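*Asks:* So that we are looking at the same thing, I have put the structure below in C-alpha coordinates.
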Amino acid sequence: MRARWLDPRLTLQTDDGFGAAQPVALTRPGIEAKVRPALEAGEVAVIGGFVGATADGITTTLGRGGSDYSASIIGAAIDAGEIQIWTDVDGMLTCDPRLVPDAMLIPRLSFDEASELAYFGAKVLHPSTILPAVEKNIPVRILNTMRPGVPGTVITAAAPDHGRSLTAVACKRNITVVSITSTRMLQAHGFLRRVFEVFERHATSVDVVTTSEVSVSMTVDDDRRIEAITHELREFASVQTEGGMAMISAVGESLRSDPATAVSVIAALGRLPLRMVSQAASRRNVTVVLSDSDLPIAVARLHAHFFASVGAAS
(Lines give C-alpha, C1' and ligand atoms only; values in the text may rest on other atoms or scores of the structure.)
Protein backbone atom coordinates (compact mmCIF):
# COMPACT_ATOMS: atom_id res chain seq x y z
CA MET A 1 0.00 0.00 0.00
CA ARG A 2 1.31 3.42 -0.90
CA ALA A 3 1.73 5.54 2.22
CA ARG A 4 2.91 9.03 3.12
CA TRP A 5 4.26 9.97 6.54
CA LEU A 6 3.09 13.34 7.85
CA ASP A 7 4.77 15.04 10.80
CA PRO A 8 2.06 15.52 13.46
CA ARG A 9 3.75 18.75 14.56
CA LEU A 10 2.89 20.22 11.16
CA THR A 11 -0.72 19.03 11.22
CA LEU A 12 -1.90 19.35 14.82
CA GLN A 13 -1.57 22.84 16.28
CA THR A 14 -2.11 23.10 20.04
CA ASP A 15 -1.85 25.59 22.86
CA ASP A 16 1.19 25.62 25.15
CA GLY A 17 -0.29 23.37 27.85
CA PHE A 18 2.74 21.10 27.78
CA GLY A 19 1.87 17.57 28.87
CA ALA A 20 -1.86 18.21 28.41
CA ALA A 21 -2.06 20.43 25.33
CA GLN A 22 -5.38 21.22 23.65
CA PRO A 23 -5.92 21.69 19.88
CA VAL A 24 -6.65 25.21 18.69
CA ALA A 25 -9.25 26.44 16.23
CA LEU A 26 -6.73 26.62 13.37
CA THR A 27 -6.02 22.88 13.58
CA ARG A 28 -8.71 21.60 11.23
CA PRO A 29 -7.82 23.68 8.14
CA GLY A 30 -4.17 22.75 8.71
CA ILE A 31 -4.97 19.04 8.86
CA GLU A 32 -7.16 19.24 5.77
CA ALA A 33 -4.38 21.00 3.83
CA LYS A 34 -1.78 18.38 4.79
CA VAL A 35 -3.83 15.18 4.68
CA ARG A 36 -6.13 15.73 1.70
CA PRO A 37 -3.33 15.72 -0.95
CA ALA A 38 -2.14 12.32 0.28
CA LEU A 39 -5.64 10.88 0.15
CA GLU A 40 -6.32 12.29 -3.31
CA ALA A 41 -3.07 10.71 -4.49
CA GLY A 42 -4.35 7.31 -3.34
CA GLU A 43 -1.96 7.14 -0.41
CA VAL A 44 -2.46 6.20 3.23
CA ALA A 45 -1.63 9.18 5.44
CA VAL A 46 0.40 7.95 8.42
CA ILE A 47 0.45 10.42 11.32
CA GLY A 48 1.77 9.82 14.81
CA GLY A 49 -0.71 10.53 17.58
CA PHE A 50 -0.24 12.20 20.98
CA VAL A 51 2.12 14.86 19.57
CA GLY A 52 1.47 18.35 18.24
CA ALA A 53 3.13 21.77 18.25
CA THR A 54 2.38 25.34 19.22
CA ALA A 55 2.04 28.14 16.65
CA ASP A 56 5.77 28.77 17.22
CA GLY A 57 6.62 25.17 16.32
CA ILE A 58 7.44 24.01 19.85
CA THR A 59 6.60 20.33 20.34
CA THR A 60 3.73 19.50 22.70
CA THR A 61 1.98 16.35 23.92
CA LEU A 62 -1.74 15.88 24.50
CA GLY A 63 -1.60 13.84 27.73
CA ARG A 64 -3.46 10.66 28.66
CA GLY A 65 -5.62 9.39 25.81
CA GLY A 66 -3.82 11.75 23.43
CA SER A 67 -3.30 9.23 20.64
CA ASP A 68 -7.01 8.40 20.45
CA TYR A 69 -7.78 12.12 20.70
CA SER A 70 -5.46 12.77 17.74
CA ALA A 71 -7.32 10.18 15.67
CA SER A 72 -10.66 11.78 16.49
CA ILE A 73 -9.42 15.29 15.67
CA ILE A 74 -7.94 14.20 12.34
CA GLY A 75 -10.99 12.09 11.44
CA ALA A 76 -13.31 15.02 12.10
CA ALA A 77 -11.09 17.42 10.17
CA ILE A 78 -11.27 15.32 6.98
CA ASP A 79 -14.96 14.37 7.46
CA ALA A 80 -14.18 10.67 7.75
CA GLY A 81 -17.04 8.19 7.41
CA GLU A 82 -15.95 6.44 10.61
CA ILE A 83 -13.27 6.93 13.26
CA GLN A 84 -11.71 3.73 14.56
CA ILE A 85 -9.88 3.42 17.88
CA TRP A 86 -7.75 0.26 18.04
CA THR A 87 -6.93 -0.78 21.59
CA ASP A 88 -6.26 -3.92 23.69
CA VAL A 89 -9.85 -4.85 24.58
CA ASP A 90 -12.84 -5.94 22.48
CA GLY A 91 -14.67 -2.63 23.00
CA MET A 92 -16.70 -0.97 25.72
CA LEU A 93 -17.84 -3.52 28.32
CA THR A 94 -20.72 -3.52 30.75
CA CYS A 95 -18.22 -3.27 33.62
CA ASP A 96 -14.51 -3.43 34.42
CA PRO A 97 -13.61 -7.10 33.75
CA ARG A 98 -11.06 -6.98 36.57
CA LEU A 99 -13.99 -6.58 38.97
CA VAL A 100 -16.61 -8.58 37.07
CA PRO A 101 -15.03 -11.36 34.95
CA ASP A 102 -18.26 -11.99 33.05
CA ALA A 103 -18.59 -8.36 31.88
CA MET A 104 -20.17 -8.28 28.41
CA LEU A 105 -19.35 -6.40 25.23
CA ILE A 106 -21.63 -3.45 24.45
CA PRO A 107 -22.22 -3.59 20.67
CA ARG A 108 -23.69 -0.07 20.41
CA LEU A 109 -24.10 2.98 22.63
CA SER A 110 -24.71 6.69 22.26
CA PHE A 111 -22.16 9.50 22.32
CA ASP A 112 -23.72 10.74 25.55
CA GLU A 113 -23.50 7.35 27.24
CA ALA A 114 -19.89 6.90 26.10
CA SER A 115 -18.96 10.34 27.45
CA GLU A 116 -20.51 9.54 30.83
CA LEU A 117 -18.74 6.19 31.04
CA ALA A 118 -15.38 7.66 30.03
CA TYR A 119 -15.70 10.51 32.53
CA PHE A 120 -16.65 8.19 35.38
CA GLY A 121 -13.81 5.74 34.96
CA ALA A 122 -14.15 3.51 31.88
CA LYS A 123 -10.50 3.17 30.82
CA VAL A 124 -11.16 2.19 27.20
CA LEU A 125 -12.02 5.73 26.15
CA HIS A 126 -10.67 9.08 27.34
CA PRO A 127 -13.42 11.68 27.96
CA SER A 128 -12.01 14.05 25.32
CA THR A 129 -11.65 11.45 22.58
CA ILE A 130 -15.08 11.56 21.02
CA LEU A 131 -15.75 15.31 21.24
CA PRO A 132 -14.58 16.07 17.66
CA ALA A 133 -16.61 13.10 16.39
CA VAL A 134 -19.71 14.35 18.22
CA GLU A 135 -19.41 17.77 16.60
CA LYS A 136 -19.32 16.18 13.13
CA ASN A 137 -21.69 13.30 13.97
CA ILE A 138 -19.11 10.71 12.88
CA PRO A 139 -19.49 7.16 14.27
CA VAL A 140 -16.63 5.94 16.47
CA ARG A 141 -15.76 2.23 16.50
CA ILE A 142 -13.59 0.67 19.22
CA LEU A 143 -11.71 -2.45 18.09
CA ASN A 144 -9.19 -4.90 19.56
CA THR A 145 -5.78 -4.92 17.89
CA MET A 146 -5.17 -8.49 19.08
CA ARG A 147 -8.62 -9.76 17.97
CA PRO A 148 -9.44 -7.88 14.77
CA GLY A 149 -12.31 -10.23 13.95
CA VAL A 150 -14.37 -9.01 16.92
CA PRO A 151 -16.90 -6.38 15.74
CA GLY A 152 -16.17 -4.09 18.69
CA THR A 153 -18.36 -1.25 19.93
CA VAL A 154 -19.93 1.39 17.69
CA ILE A 155 -20.70 4.79 19.24
CA THR A 156 -23.27 6.97 17.44
CA ALA A 157 -25.46 9.97 18.15
CA ALA A 158 -28.63 7.90 18.39
CA ALA A 159 -29.16 5.80 21.49
CA PRO A 160 -29.69 2.12 20.61
CA ASP A 161 -32.59 0.13 22.01
CA HIS A 162 -30.73 -2.73 23.68
CA GLY A 163 -33.57 -3.78 25.96
CA ARG A 164 -31.69 -3.19 29.22
CA SER A 165 -32.37 -0.72 32.02
CA LEU A 166 -28.70 0.25 32.12
CA THR A 167 -25.97 0.37 29.49
CA ALA A 168 -22.95 -0.11 31.75
CA VAL A 169 -21.41 0.47 35.17
CA ALA A 170 -18.19 2.49 35.51
CA CYS A 171 -16.07 3.12 38.57
CA LYS A 172 -13.14 5.14 39.87
CA ARG A 173 -10.89 4.23 42.77
CA ASN A 174 -8.56 6.32 44.95
CA ILE A 175 -11.19 9.01 45.43
CA THR A 176 -10.99 11.67 48.14
CA VAL A 177 -14.14 13.28 49.55
CA VAL A 178 -13.80 16.88 50.69
CA SER A 179 -16.58 18.09 53.02
CA ILE A 180 -16.93 21.81 53.69
CA THR A 181 -19.24 23.16 56.39
CA SER A 182 -19.99 26.79 57.22
CA THR A 183 -22.98 28.73 58.51
CA ARG A 184 -21.95 31.42 56.02
CA MET A 185 -23.61 29.27 53.33
CA LEU A 186 -27.05 29.78 54.89
CA GLN A 187 -29.09 32.04 52.59
CA ALA A 188 -25.87 33.54 51.25
CA HIS A 189 -24.62 34.01 47.71
CA GLY A 190 -21.06 33.72 46.47
CA PHE A 191 -19.96 31.02 48.93
CA LEU A 192 -19.79 28.19 46.40
CA ARG A 193 -17.97 30.43 43.94
CA ARG A 194 -15.33 31.07 46.60
CA VAL A 195 -15.02 27.32 47.24
CA PHE A 196 -14.58 26.40 43.58
CA GLU A 197 -12.09 29.21 43.02
CA VAL A 198 -9.81 27.47 45.53
CA PHE A 199 -9.91 24.26 43.49
CA GLU A 200 -9.34 26.25 40.30
CA ARG A 201 -6.26 27.98 41.72
CA HIS A 202 -4.79 24.60 42.53
CA ALA A 203 -5.72 23.10 39.12
CA THR A 204 -7.75 20.30 40.70
CA SER A 205 -10.94 19.05 39.05
CA VAL A 206 -14.05 18.13 41.00
CA ASP A 207 -16.16 15.13 39.94
CA VAL A 208 -19.30 14.85 42.09
CA VAL A 209 -20.90 17.55 44.24
CA THR A 210 -23.71 17.35 46.81
CA THR A 211 -24.94 20.30 48.87
CA SER A 212 -27.17 21.16 51.83
CA GLU A 213 -28.01 24.45 53.55
CA VAL A 214 -24.70 24.70 55.39
CA SER A 215 -22.41 22.12 53.78
CA VAL A 216 -21.05 20.93 50.47
CA SER A 217 -19.25 17.68 49.70
CA MET A 218 -17.25 16.97 46.58
CA THR A 219 -14.96 14.29 45.21
CA VAL A 220 -11.54 14.61 43.61
CA ASP A 221 -9.46 11.88 42.00
CA ASP A 222 -6.20 13.83 42.18
CA ASP A 223 -5.11 14.46 45.77
CA ARG A 224 -1.64 15.84 45.03
CA ARG A 225 -2.68 19.35 46.10
CA ILE A 226 -5.26 18.38 48.72
CA GLU A 227 -3.25 19.74 51.66
CA ALA A 228 -2.88 23.16 50.06
CA ILE A 229 -6.57 23.16 49.11
CA THR A 230 -7.78 22.29 52.60
CA HIS A 231 -5.43 24.84 54.15
CA GLU A 232 -6.96 27.59 52.00
CA LEU A 233 -10.54 26.40 52.53
CA ARG A 234 -10.07 26.45 56.31
CA GLU A 235 -9.64 30.21 56.14
CA PHE A 236 -13.43 30.51 55.82
CA ALA A 237 -14.96 27.08 56.59
CA SER A 238 -14.60 23.82 58.49
CA VAL A 239 -13.08 21.13 56.26
CA GLN A 240 -12.82 17.35 56.50
CA THR A 241 -11.26 14.97 53.99
CA GLU A 242 -11.77 11.23 53.57
CA GLY A 243 -9.42 9.19 51.45
CA GLY A 244 -9.76 5.57 50.44
CA MET A 245 -13.10 6.12 48.73
CA ALA A 246 -14.47 4.92 45.40
CA MET A 247 -17.12 6.08 42.96
CA ILE A 248 -19.58 3.95 40.98
CA SER A 249 -21.66 5.36 38.15
CA ALA A 250 -24.59 3.48 36.62
CA VAL A 251 -25.13 4.82 33.09
CA GLY A 252 -28.02 4.44 30.70
CA GLU A 253 -30.43 6.44 28.57
CA SER A 254 -33.37 4.77 30.32
CA LEU A 255 -32.60 6.71 33.49
CA ARG A 256 -34.06 9.74 31.71
CA SER A 257 -37.42 8.11 31.07
CA ASP A 258 -37.87 5.64 33.91
CA PRO A 259 -37.34 6.98 37.47
CA ALA A 260 -37.67 3.43 38.80
CA THR A 261 -34.26 2.58 37.35
CA ALA A 262 -32.51 5.01 39.70
CA VAL A 263 -34.37 3.50 42.64
CA SER A 264 -33.32 0.02 41.52
CA VAL A 265 -29.66 1.09 41.43
CA ILE A 266 -29.71 2.12 45.08
CA ALA A 267 -31.79 -0.91 46.10
CA ALA A 268 -29.37 -3.32 44.39
CA LEU A 269 -26.56 -2.11 46.66
CA GLY A 270 -28.42 -3.45 49.68
CA ARG A 271 -27.19 -2.19 53.04
CA LEU A 272 -23.78 -1.04 51.88
CA PRO A 273 -23.07 2.38 53.49
CA LEU A 274 -23.07 5.17 50.89
CA ARG A 275 -21.12 8.37 51.45
CA MET A 276 -22.71 10.39 48.62
CA VAL A 277 -25.47 9.89 46.04
CA SER A 278 -25.89 12.06 42.95
CA GLN A 279 -27.86 12.10 39.72
CA ALA A 280 -26.52 14.36 36.98
CA ALA A 281 -28.65 17.02 35.30
CA SER A 282 -28.53 14.93 32.12
CA ARG A 283 -30.21 12.10 34.09
CA ARG A 284 -28.12 9.54 32.25
CA ASN A 285 -26.27 8.38 35.35
CA VAL A 286 -26.70 7.69 39.03
CA THR A 287 -23.44 7.98 40.95
CA VAL A 288 -22.65 6.76 44.45
CA VAL A 289 -19.54 7.25 46.56
CA LEU A 290 -18.59 4.60 49.08
CA SER A 291 -15.58 3.05 50.77
CA ASP A 292 -13.09 1.54 48.34
CA SER A 293 -13.19 -1.71 50.31
CA ASP A 294 -16.91 -2.04 49.43
CA LEU A 295 -16.37 -1.38 45.72
CA PRO A 296 -15.94 -4.98 44.48
CA ILE A 297 -19.11 -6.28 46.11
CA ALA A 298 -21.08 -3.16 45.11
CA VAL A 299 -20.11 -3.47 41.45
CA ALA A 300 -20.80 -7.21 41.46
CA ARG A 301 -24.28 -6.63 42.89
CA LEU A 302 -25.14 -3.97 40.32
CA HIS A 303 -23.89 -6.05 37.42
CA ALA A 304 -25.72 -9.15 38.60
CA HIS A 305 -28.96 -7.20 39.06
CA PHE A 306 -28.97 -5.38 35.72
CA PHE A 307 -27.04 -7.66 33.35
CA ALA A 308 -26.70 -11.27 34.47
CA SER A 309 -30.33 -12.20 33.81
CA VAL A 310 -30.54 -10.38 30.48
CA GLY A 311 -27.49 -11.57 28.59
CA ALA A 312 -25.52 -9.78 25.92
CA ALA A 313 -27.33 -7.37 23.65
CA SER A 314 -27.44 -8.08 19.95
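*Asks:* Among 241, 209, 160, flag the residue with its Cα farthest along the positive direction of the charge dipole of the chain, charges on Cβ as +1 for Lys/Arg and -1 for Asp/Glu.
*Replies:* In the chain, that residue is 160.
*Asks:* Could you work out how far the C-alpha centroid of the stretch 13-57 sits from that of the stretch 228-249, in angstrom?
*Replies:* 40
*Asks:* For residue 45, what residues show an amide H to amide H distance below 5 Å, using hydrogens built from the backbone and excluding near sequence neighbours?
*Replies:* Long-range HN contacts for residue 45: 4.
*Asks:* With each label point set 7 Å from Cα along the Cα-Cβ vector, what nm distance links residue 297 and residue 44?
*Replies:* Simple spin-label model gives 5.1 nm for this pair.
*Asks:* With every protein chain present, what is the per residue accessible area of the stretch 84-184 (1.4 Å probe, Å²)?
*Replies:* Accessible surface, normalised per residue, equals 43 Å².
*Asks:* Please report the projected area of the chain's Cα convex hull averaged over all directions, in nm².
*Replies:* 18.5
*Asks:* Taking the alpha-carbon set of the stretch 86-127, what are its Rg and Dmax in Å?
*Replies:* For the stretch 86-127, the Cα radius of gyration and maximum Cα-Cα distance read 9.8, 26 Å.
*Asks:* Further, regarding this structure: Could you order 248, 58 by accessible surface area, starting with the largest, using a probe radius of 1.4 Å?
*Replies:* The ranking, largest first, comes out as 58, 248.
*Asks:* Tell me, what HN-Hα J-couplings in whole Hz come from the Karplus equation 6.51 cos²θ - 1.76 cosθ + 1.60 at θ = phi - 60° for each residue of the stretch 87-97, using x for Gly and Pro?
*Replies:* 9, 10, 10, 6, x, 6, 10, 5, 6, 5, x
*Asks:* Something else: Report the far tail of the P(r) of the stretch 216-283, meaning the percent of Cα-Cα pairs longer than 13 Å.
*Replies:* Tail of the P(r) past 13 Å holds 74 percent of the pairs.
*Asks:* Taking all protein chains together and a probe of 1.4 Å, list 119, 69 from the most accessible to the least accessible.
*Replies:* The ordering from most to least exposed comes out as 119, 69.
*Asks:* So how strong a dipole does the chain carry about its Cα centre when Lys and Arg Cβ are +1 and Asp and Glu Cβ are -1, to the nearest 20 debye?
*Replies:* In debye, rounded to 20, the chain gives about 260.
*Asks:* Running Debye on the stretch 149-295 with equal point scatterers at the Cα sites and no solvent, what base-10 log of I(q)/I(0) appears at q = 0.21 Å⁻¹?
*Replies:* -1.26
*Asks:* What Kirkwood hydrodynamic radius do you get for the stretch 125-182 when you take the inverse of the mean 1/r over all pairs of distinct Cα atoms, in Å?
*Replies:* For the stretch 125-182, the Kirkwood estimate is 15.1 Å.
*Asks:* Here is a follow-up. Binning at 5 Å from 0, report for the stretch 240-314 what percent of all alpha-carbon pair distances ends up in each bin.
*Replies:* That works out to 3, 15, 26, 24, 17, 10, 3, 1, 0, 0, in percent per bin.
*Asks:* Over all directions, how big on average is the projection of the convex hull of the alpha-carbon atoms in the stretch 1-73, in square nanometres?
*Replies:* 4.5
*Asks:* Using modelled backbone amide H atoms (1.01 Å from N, in-plane), which distant-in-sequence or interchain residues come within less than 5 Å of residue 87's amide H?
*Replies:* Distant-sequence amide H within range of residue 87: 143, 144, 145.
*Asks:* Could you give each residue of the stretch 58-65 its phi-based ³J(HN,Hα) in whole Hz, using Karplus coefficients 6.51, -1.76, 1.60 with θ = phi - 60°, and x for Gly or Pro?
*Replies:* 7, 5, 10, 10, 8, x, 4, x
*Asks:* Could I ask something else about it? Read phi for every residue in the stretch 273-286 and hand back ³J(HN,Hα) as whole Hz from Karplus 6.51 cos²θ - 1.76 cosθ + 1.60, θ = phi - 60°, with x for Gly and Pro.
*Replies:* x, 9, 7, 8, 9, 8, 10, 5, 4, 5, 6, 9, 8, 10
*Asks:* While we're on this one: List the equivalent ellipsoid semi-axes of the stretch 75-154 in whole Å, largest first, each obtained as the square root of 5λ for an eigenvalue λ of the Cα gyration tensor.
*Replies:* 21, 15, 9
The values are calculated or read from the model by the stated rules, or taken from the named source; none is laboratory data. This one's a predicted model, so the numbers in the text were calculated from it and none came from an experiment. Cβ: placed from backbone, ideal geometry, glycine included. Neighbour counts: every protein chain shown. Just so you know, the surface numbers come from the protein's heavy atoms only, side chains and all, with ligands and any DNA or RNA stripped out. Shrake-Rupley method; radii C 1.70, N 1.55, O 1.52, S 1.80 Å.
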